[in-house]
Amino acid sequence: MAAMILKPWQFILLAIASWLNKEQQAVIEYRDEEIRILKEKLGRKRLLLNDAQKRRLATAAAKVGRDALAKIGALFSPETLLKWHHSLVAQKYDGTAGKRAKRGPGPTKAKIIRDLVVKLATENPGWGYGRVHGELRELGHKVSKATVRRVMLAHGLLNDPDHPKKTTWRTFLESHFECLHACDFFSVDAWTVKGLRRFLVFFVIELHTRRVEIVGIHADTCETQMIQYARNLTDPENGFLKGGKRILIHDRDPLFTKKFCQTLRAGGVRTLKLPKQSPNLNDYAPCCTSLVA
C-alpha cells in the first residue's frame, strides 16, 4: 500500500496542531502542580466558598465532565462539583415559584427589581453593579447599590466580588455604538471687514454612520451660546440628537460647562467626559484653511 503524501498545507496544519497540543499540555501540568501545592498548604483545613463562587466553579466543572475532573485532581471532588451544578439546574427549572405566582396577586416589587437587575447585567456583561444601579434609577426604580450588588452576586453576575471588573472603552463602545455621538470644535480663520478673525465651529458626529452635523459657528463662543446649541441638538422635531440618541462624548474643554450638560440631560442625552490625557479617544476634525467672509 502506497504511503500517503501530505500536501504542504496539510503538513503546516499538523505542525501547528502539535505545537498547540504541547503548549496546552504544559499549561495543564502547571495547573496540576499549582493545585497540589495549594492542597499541601491547606492541609486539613476546609476551603469554604460562598454561593457566587460555587456557582462559577460548578458551571465551569459541568463543561469539563466527571472523568476529566477526576484526572485533574482539583480542590473539590467531581461528585461535589457536579452536585453543585445539579442544584443550580434544579433551581432554574423549579416550578414552585411559578405556581405560587399564579395563586397570588402578581409579582412583587422585589421580584420585579431582581428580574430587571438580572436582565440588565446579562445583556450587558461589561456593566458593574454601579452602572446597573444607575440604569434602574433612570427607569424610575428606587433601590440601593448594595441590593443590586447582592442580586448580581447571587446570580453569579460578578466575576470577582473583591475586584469588580471595569468596563474598557472598547467594550463600552461596542455595546453602545449605535447611540453614541461625539462633539468637538475646529477653527476657521476668515477675513472679515474687521480683518482676520478666528471662528470656532462646533460639530457633532454620529459614530456608527459617520454623519456630521455643524451645530454652530461663532467667533466668541461662551456658555450662553453653548446652552443654545444644547437646546438645538435636543429639539424634539429637528434636533440632531433626538430619537434615542442617548450618549454624547466630549473632551475637557471649559466650554462644556455644567449647565451645558444639564441642558442636554433635560433633553434625554447623557454626556460622557473623556479621561484626562486621552487625545486618541475622541473624533477630531482638521483645521480648515483661511477663508474670506
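Just so it is clear, none of the values below were taken in a lab; they were calculated from the coordinates. Note that this is a predicted model, so its numbers are computed, not measured. Here Cβ is always computed from backbone atoms with ideal geometry, including for glycine, and neighbour counts include all displayed protein chains.
Simple spin-label model, 7 Å along Cα-to-Cβ: D235 to D115 in nm?
A separation of 4.2 nm, rounded to one decimal place.
How long is the gain from A266 to D67 if the chain were fully straight, where each residue apart is worth 0.36 nm and the alpha carbon distance is subtracted? Before the final figure, lay out the partial values.
On the way: separation 199, 0.36 × 199 = 71.64 nm, distance 5.91 nm.
Fully extending the segment from A266 to D67 adds 65.7 nm.
Mind checking the dipole of the stretch 211-260: about its Cα centre, +1 per Lys or Arg Cβ, -1 per Asp or Glu Cβ, Debye to the nearest 20? Numbers along the way, then the final one.
On the way: 8 positive and 7 negative charges, 58 e Å.
The calculated dipole for the stretch 211-260 is roughly 280 debye.
I need the calculated FRET efficiency for the pair A60 and R137, taking r as the beta carbon distance and R₀ as 30 Å, to the nearest 0.05. Present the calculation step by step, with values, prior to reporting the outcome.
On the way: r = 34 Å, r/R0 = 1.12.
FRET efficiency, A60 to R137: 0.35.
Over 27 Å between Cα atoms, which of K54/K111; K111/K145; K111/K258; K119/K145; K109/K145 qualify?
On the way: K54/K111 23 Å; K111/K145 16 Å; K111/K258 37 Å; K119/K145 16 Å; K109/K145 16 Å.
Going by Cα-Cα distance, K111/K258 fall outside the 27 Å limit.
Give me the number: length gained by fully extending S187 to T122, i.e. 0.36 nm times residue separation minus the C-alpha to C-alpha distance, one decimal in nm.
Details: separation 65, 0.36 × 65 = 23.40 nm, distance 4.39 nm.
So the extension gain works out to 19.0 nm.
With no solvent and one point per C-alpha, what does the Debye sum give as log10 I(q)/I(0) for the stretch 107-159 at q = 0.18, 0.21, 0.29, 0.32 Å⁻¹?
-0.47, -0.65, -1.28, -1.53
On a full-extension model of 0.36 nm per residue, what is the gain between K242 and N50, subtracting their alpha-carbon distance, rounded to one decimal in nm? Numbers along the way, then the final one.
Values: separation 192, 0.36 × 192 = 69.12 nm, distance 4.58 nm.
Value of the extension gain: 64.5 nm.
Spin-label point model (7 Å from Cα, Cβ direction): what's the K145 to E223 distance in nm?
2.8
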